[in-house]
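Submitted below is the structure of interest, expressed as structure tokens.
The values are calculated or read from the model by the stated rules, or taken from the named source; none is laboratory data. These numbers come from a predicted model, not from an experiment. Positions of Cβ are backbone-derived with ideal geometry, glycine not excepted, and every protein chain shown enters the neighbour counts. Areas reflect the complete protein model, heavy atoms only, side chains present, ligands, DNA and RNA absent. Shrake-Rupley method; radii C 1.70, N 1.55, O 1.52, S 1.80 Å.
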Amino acid sequence: MQIFNTEGSCARAFMNRSFVTIADHSREKIEYLIRMAQEFERHPNRLLLQGRVVATLFFEPSTRTRLSFETAANRLGARVIGFADPKVTSGTKGETLKDTIMMVSNYADVIVMRHYLEGAARYASEIAPVPIINAGDGANQHPSQTMLDLYTINQTQGTLDNLNIYLVGDLKYGRTVHSLLMAMRHFNPTFHFIAPDELAMPEPYKQYCSEHGIRYVEHQDFDADVIAGADILYMTRVQRERFTDLMEYERVKDRYLLKLDMLSKARDNMRILHPLPRVNEIEYAIDDDPHAYYFQQARNGLYARQAIICDSLGITLEDIMEDRTII
Ligand code: CP
């Protein structure tokens, strides 16, 4: 498993403004992107990207990430090319990822790519003459999800600092929790890891916590008393597609399910987040509870991704503040 790249590890990615891992970004940069996203929440429809082309290459299935990136580009006046299913590309004839990336770089100003291989986005950023935005690479990273998660946490808590964040479910393969953990190193969090042994947070991420002074506690129990301490309860899906042994998936898939009665002692400010898709890990009855925030979280993906695309193309917060193209 490739876990992560160290900060500033790829000069070319920085030079061409790729967005590959959240570990590349400082607290200041994260706060800057949040301010940009807030501007887009105020006015999502602008023509800042008129004449630009955004490519979305999805080698793995997606609903939210692809559609919110494409919506972001469309609402900014860009045109979108790409594919949602690699079976319809010349990859099926043997074309390599390198050649695909070089070809699409001929056509688009920025490439948004999801790939099943860990490190694929980093690799693409090292060869592509245009920025690469990582839309998820295997079980490694999902940095645009993290930007929308940070935006949502800030929106619901009024701060990113000093929060108790509970990560529940598939902490082994869950790229969203890996990225979130790394991003939060700037904000003095306390993490609580709740997962079956088979899906526990991998050792390199615990090591990362130790190296960056991030406190964490591991729990076996998942009940009202444990949840009572949470500011953010971040649920995740057990990812069937990552298992080589489906018997193991069957053993662990229903281990940590959130039921409405488990919220009886939750703090008023606590919000339940989930990167989605959900299978059964959050009971549907919770959707109407005031603690549930996962659908608003997904909506924030639009604004966060508008900010990421603009930043990758060199459009600044100042440009956005002075923008006169609001529709
Ligand atoms: N959260 C997320 O990545 O969802 P999709 O797989 O639907 O893009």
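Is it the case that T96 is assigned by TED's automatic domain parsing to the domain that holds I309 and within 16 Å of the ligand (Cβ to nearest atom)?
Spelling it out, it is not the case that T96 is assigned by TED's automatic domain parsing to the domain that holds I309 and within 16 Å of the ligand (Cβ to nearest atom).
So R185 ticks every box in (1) part of a helix (DSSP H, G or I); (2) more than 16 Å from the ligand (Cβ to nearest atom); (3) out of contact with any His (no Cβ under 6 Å at 6 or more places or on another chain) but one. Which box is left unticked?
Only one criterion is unmet by R185, namely (3).
Here is a follow-up. Residues being open to solvent by less than 10 Å² (accessible area, probe 1.4 Å), more than 16 Å from the ligand (Cβ to nearest atom) and of a type in the set (A, V, I, L, M): count how many of those fall in region 118-131.
Counting residues in region 118-131 that are open to solvent by less than 10 Å² (accessible area, probe 1.4 Å), more than 16 Å from the ligand (Cβ to nearest atom) and of a type in the set (A, V, I, L, M) gives 2.
Same structure, new question: Quick check on region 146-157. Is at least one of its residues away from the ligand (no atom under 16 Å from the Cβ), assigned by TED's automatic domain parsing to the domain that holds F40 and β-branched (V, I, T)?
For region 146-157, residues away from the ligand (no atom under 16 Å from the Cβ), assigned by TED's automatic domain parsing to the domain that holds F40 and β-branched (V, I, T): absent.
Quick grid of which residues meet (1) in contact with a Lys or Arg (Cβ under 8 Å, 6 or more places away or on another chain); (2) at pLDDT 95 or above; (3) away from the ligand (no atom under 14 Å from the Cβ):
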{"site": "R255", "(1), (2), (3)": "no, no, yes"}
{"site": "K259", "(1), (2), (3)": "no, yes, yes"}
{"site": "R267", "(1), (2), (3)": "no, yes, yes"}
{"site": "A298", "(1), (2), (3)": "yes, yes, no"}
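Restricting the search to region 244-260, which residues are in contact (Cβ under 8 Å) with a residue 12 or more places away in the chain, closer than 21 Å to E198 by Cα and open to solvent by 20 Å² or more (accessible area, probe 1.4 Å)?
Across region 244-260, the qualifying residues are E248, R251, K253, D254, R255, Y256, L257.
Okay, moving on. Among the numbered criteria (1) closer than 19 Å to R27 by Cβ; (2) within 16 Å of the ligand (Cβ to nearest atom), which one does H115 miss?
Of (1) closer than 19 Å to R27 by Cβ; (2) within 16 Å of the ligand (Cβ to nearest atom), only one is false for H115: (1).
Out of the residues in region 31-77 meeting the condition of being open to solvent by 40 Å² or more (accessible area, probe 1.4 Å) and within 15 Å of the ligand (Cβ to nearest atom), tell me which one is nearest to D323 (Cα to Cα).
Out of the qualifying residues, it is T71.
Would you kindly identify the helices (runs of 4 or more DSSP H) lying entirely within region 83-178 that contain at least 3 residues that are among the aromatic types (F, W, Y) and touching a residue at least 40 places away in the same chain (Cβ under 8 Å)?
Where helices (runs of 4 or more DSSP H) fall fully within region 83-178, none carries at least 3 residues being among the aromatic types (F, W, Y) and touching a residue at least 40 places away in the same chain (Cβ under 8 Å).
Further, regarding this structure: Looking for something assigned by TED's automatic domain parsing to the domain that holds R305, within 13 Å of the ligand (Cβ to nearest atom), open to solvent by 30 Å² or more (accessible area, probe 1.4 Å) and at pLDDT 95 or above - is there at least one such residue anywhere in region 78-93?
Yes: one or more hits.
Can you name the helices (runs of 4 or more DSSP H) wholly within region 200-303 that have at least 1 residues being closer than 25 Å to G136 by Cβ?
Output list reads 203-211, 246-252.
So that you can scan it fast, the table gives a plain yes or no per residue for (1) in contact (Cβ under 8 Å) with a residue 40 or more places away in the chain; (2) open to solvent by less than 20 Å² (accessible area, probe 1.4 Å); (3) under 24 Å from F187 (Cβ atoms); (4) in the same structural domain as R64 (by TED's automatic domain parsing):
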| residue | (1), (2), (3), (4) |
| --- | --- |
| R242 | yes, no, no, no |
| R267 | no, no, yes, no |
| V279 | yes, no, no, no |
| I282 | yes, yes, no, no |
| D289 | no, no, no, no |
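Each row is one residue, and each column tells you yes or no for (1) surrounded by 15 or more Cβ atoms within 10 Å (Cβ to Cβ); (2) more than 21 Å from I153 (Cα to Cα); (3) touching a residue at least 40 places away in the same chain (Cβ under 8 Å).
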position: L180; (1), (2), (3): yes, no, yes
position: H192; (1), (2), (3): yes, no, no
position: A195; (1), (2), (3): yes, yes, yes
position: Q207; (1), (2), (3): no, yes, no
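Would you confirm, using the coordinates I've provided, whether D137 is among the charged types (D, E, K, R), modelled with pLDDT of 95 or more and not assigned by TED's automatic domain parsing to the domain that holds L33?
No; evaluated as a whole, the condition is false for this residue.
Quick check, is A307 open to solvent by less than 70 Å² (accessible area, probe 1.4 Å), under 21 Å from the mean Cα position of the chain (by Cα) and within 16 Å of the ligand (Cβ to nearest atom)?
Judged against the criteria, A307 is not a match.
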